[in-house]
Amino acid sequence: MSEFPHWPVRPTGDVFYVKGRIGWRNLRRSDFCEVGPYLITGMHIDDSGRVNWDACFHIPQRKFDESPEIQVRVGDLVITKDGTIGKVGRIDWLPGETSLNSHLFLVRPIRPEQCSSRFAFHVFTSPAFRRFIDAQKSGSTLVGLGEAKFVKFDFPVPDMEEQALVSNVLDTLDTVILETEAIIAKLKAVKQGLLHDLLTRGIDTNGELRPPQAEAPHLYKESPLGWVPKVWDVVTLESVSNTVTSGSRDWARFYADSGALFVRIGNLTREHINFRFESTMYVRPPRNADGQRTRLESGDILISITADLGIVGVVPDGLGEAYINQHVALVRPDLNAVNSRFVGHYLAGPIAQTYISKLNDAGAKAGLNLPTIRGLLTIKPLHAEQDLIATRLDEIDNRIQSAAAESAKLRELKAGLMDDLLTGRVRVTPLLADATQRGSA
C-alpha cells in the first residue's frame, strides 16, 4: 500500500536528478586546502538540514572542475547514503562553488514547476521516507543506500499550491524550533557563567557578586578548591552530613509494576540536579532495617558511584516513597548547616567535578567508595548566602527545562503533522479554507 494514498506518486528517479559520486579520482585528505571550492560531507549537515559552511572542507579548483555532475546549486538537496543514512541537507544559499563527497546523493528537481525543493526536503525527512530506508534492510544491517534503490522511492507529487502550503506550515515550525533551541543554547551559556561566578565569588551582603579575586585579593584566601572568599569555609561532606550510605544489593527480587520509586543512575543527569523520569522502576522493599536505610528524604543528595561517576541529584519535596540502588550514594546533609541544593549545585559544578574525576578508585571497574564520598570537599558560605546562590541557579535551570519542554512539544507536534500532511491524510487546503472562512465571518 502506498505511503501517500491521497496524492499521485512517481518514482524518485522520474522527479529528481540524482547523482552520487563513486570515488573521487584519487582525492585524498592531503588534497584539502585552506581556500577553494567547498566540499560538503555528512558531518557538515545539522539536524535541521542546515549546512555548517564554516566547518566544510575546501578542495582544489581542478578537482571541482573534473566532476561537474555533482556541482551543487541553490535549491539542491544532499542526502547521506552511507553511515548515517538519510540525513538531509537543504541548500538555501551557497558561499561559493561547492561539491560533495562520495557518501552523499545530490538530489535536484528535474522540473521545478512540478516539485519544489522545499517540499522535497520535508518528504525526505518524513517518517514515510524513514520507513522506506528501514524496509531496505531486509533483515540485515544496511551499510549503504544505493542509487538503484533510492530512485525507486514512491515520491508524492501533489499540485504546487498544496506543496507550498504544506512547506509553509512545516517551515514555520522549523523556524520556531530553531529559535527555541537558540534560546536554550544561550541559557546554557548563561548558566556556565553563573556557575563560575556564583561558586567562586558568591554574593555579598548587598546581594551583588563579589569582585573577582584579581580585583579584590583582600577578600579571598587560598584553599584546596582554589581561591575562595575569606568568609567561606571549605569542609568535607561528612562534616556537614548526618548520613552517607549507598543502596542495597540484590533488590531485583523486589521489583514491581507499581509501588515505591527505585532511583537509578538513569534518573540522574549532568544537565542539572533534578531527577529525570523518562525511565522509572518500582520496588516493594522489605520492611526491615536494611530496607529502610536507603529510603529517600527531601533534600538528600545522590551521587553516582559506578559507571558514569559523579552525577549529582537532589531529592525534591513531594517525591513520595523512594529508594536507591547500589550504584548510587546517599548523602543526607544537616539542613541546619547547609542548603542541600546549594551543595548539590557545587558538587555538580566544574570545580567539584574535576576534583571527583581525580578521586576515581583505581582498578578494572570505575567506582567511588563511600569513604571517598565522605571526604569530598565542598564550600560552605553562610546559610543565607547559600540560599541566594541556590535560588539563582535553580531559576536558570528552570528556564532551561521550560524551554527544553517547549522544544520537545514543538518537535512532537511537527512529527505528527509530518505524518499527516506529508501523506495527504490531512489536507492543508481545506484547513486553510476553513480558517479563511472563519476569519471573514
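The values are calculated or read from the model by the stated rules, or taken from the named source; none is laboratory data. A quick note: this is a predicted structure, and the numbers were derived from the prediction, not measured. Quick reminder, even Gly has a Cβ in these numbers, built from the backbone with ideal geometry, and neighbours come from all protein chains shown.
Miscellaneous remarks
- All positions within the stretch 144-161 that are touching a residue at least 60 places away in the same chain (Cβ under 8 Å) and touching a helix residue (DSSP H, G or I) at 6+ places or on another chain (Cβ under 9 Å): Leu145, Glu147, Phe150, Val151, Lys152, Phe153, Asp154, Phe155, Pro156, Val157, Pro158, Glu161
- Scanning the stretch 285-320 for residues that are surrounded by fewer than 16 Cβ atoms within 10 Å (Cβ to Cβ) and more than 20 Å from Asn242 (Cα to Cα) yields Pro286, Arg287, Asn288, Ala307, Asp308, Gly318, Leu319, Gly320.
- Test for Asn339: is it in contact with a helix residue (DSSP H, G or I) (Cβ under 6 Å, 6 or more places away or on another chain), free of Cβ contacts under 8 Å to residues at least 60 places away in the same chain, closer than 25 Å to Leu359 by Cβ and not assigned by TED's automatic domain parsing to the domain that holds Gln401: yes
- Per the listing Thr269, Thr306, Thr280, the residue uniquely closer than 17 Å to Ile356 by Cα and without any contact (Cβ under 8 Å) to a residue 60 or more places away in the chain is Thr269.
- Number of residues in the stretch 252-278 that are in contact with a Lys or Arg (Cβ under 8 Å, 6 or more places away or on another chain), modelled with pLDDT under 90 and in a loop (DSSP other than H, G, I, E, B) equals 0.
- Scanning the stretch 402-421 for residues that are of a type in the set (Gly, Ala, Ser) and either touching a residue at least 60 places away in the same chain (Cβ under 8 Å) or not in a helix (DSSP H, G or I) (or both) returns Ala403, Ala404, Ser407, Ala415.
- Scan of the stretch 373-398 for residues that are closer than 10 Å to Leu237 by Cβ and in contact with an Asp or Glu (Cβ under 8 Å, 6 or more places away or on another chain), ordered by number: Arg374, Gly375
- Among the residues of the stretch 210-242, those identified as surrounded by 14 or more Cβ atoms within 10 Å (Cβ to Cβ) and among the hydrophobic types (A, V, I, L, M, F, W, C) are Leu219, Leu225, Trp227, Val228, Val231, Trp232, Val234, Val235, Leu237, Val240.
- In the stretch 185-199, residue farthest from Val331 (Cα to Cα) [restricted to those that are surrounded by 14 or more Cβ atoms within 10 Å (Cβ to Cβ) and aliphatic (A, V, I, L, M)]: Leu187
- Positions within the stretch 89-110 being surrounded by fewer than 20 Cβ atoms within 10 Å (Cβ to Cβ), free of Cβ contacts under 8 Å to residues at least 60 places away in the same chain and either among the aliphatic types (A, V, I, L, M) or more than 25 Å from Pro37 (Cα to Cα) (or both), in sequence order: Leu94
- Output for the stretch 319-336, where each listed residue is free of Cβ contacts under 8 Å to residues at least 60 places away in the same chain and aliphatic (A, V, I, L, M): Leu319, Leu335
- Sole residue being surrounded by 15 or more Cβ atoms within 10 Å (Cβ to Cβ) and either within 19 Å of Val328 (Cβ to Cβ) or assigned by TED's automatic domain parsing to the domain that holds Val343 (or both), chosen from Gly202, Gly266: Gly266
- Some residue of the stretch 363-378 being more than 28 Å from Pro285 (Cα to Cα), in a helix (DSSP H, G or I) and touching a strand residue (DSSP E or B) at 6+ places or on another chain (Cβ under 9 Å): no
- Inter-residue pairs, beta-carbon under 9 Å, first under 15 Å from Ser102 (Cβ atoms) and in the stretch 41-62, second at pLDDT below 90 and among the β-branched types (Val, Ile, Thr), 6+ apart: Gly42/Thr84
- Subset tally (residues that are part of a loop (DSSP other than H, G, I, E, B) and on the phi < 0 side of the Ramachandran plot) for the stretch 29-46: 7
- Residue within the stretch 47-65 that is of a type in the set (S, T, N, Q), under 24 Å from Leu145 (Cα atoms), part of a loop (DSSP other than H, G, I, E, B) and in contact with a strand residue (DSSP E or B) (Cβ under 7 Å, 6 or more places away or on another chain) present: no
- When we screen Lys221, Lys230 for residues that are more than 25 Å from Gly299 (Cβ to Cβ), touching a helix residue (DSSP H, G or I) at 6+ places or on another chain (Cβ under 7 Å) and either of a type in the set (Ser, Thr, Tyr) or at pLDDT 95 or above (or both), the only hit is Lys230.
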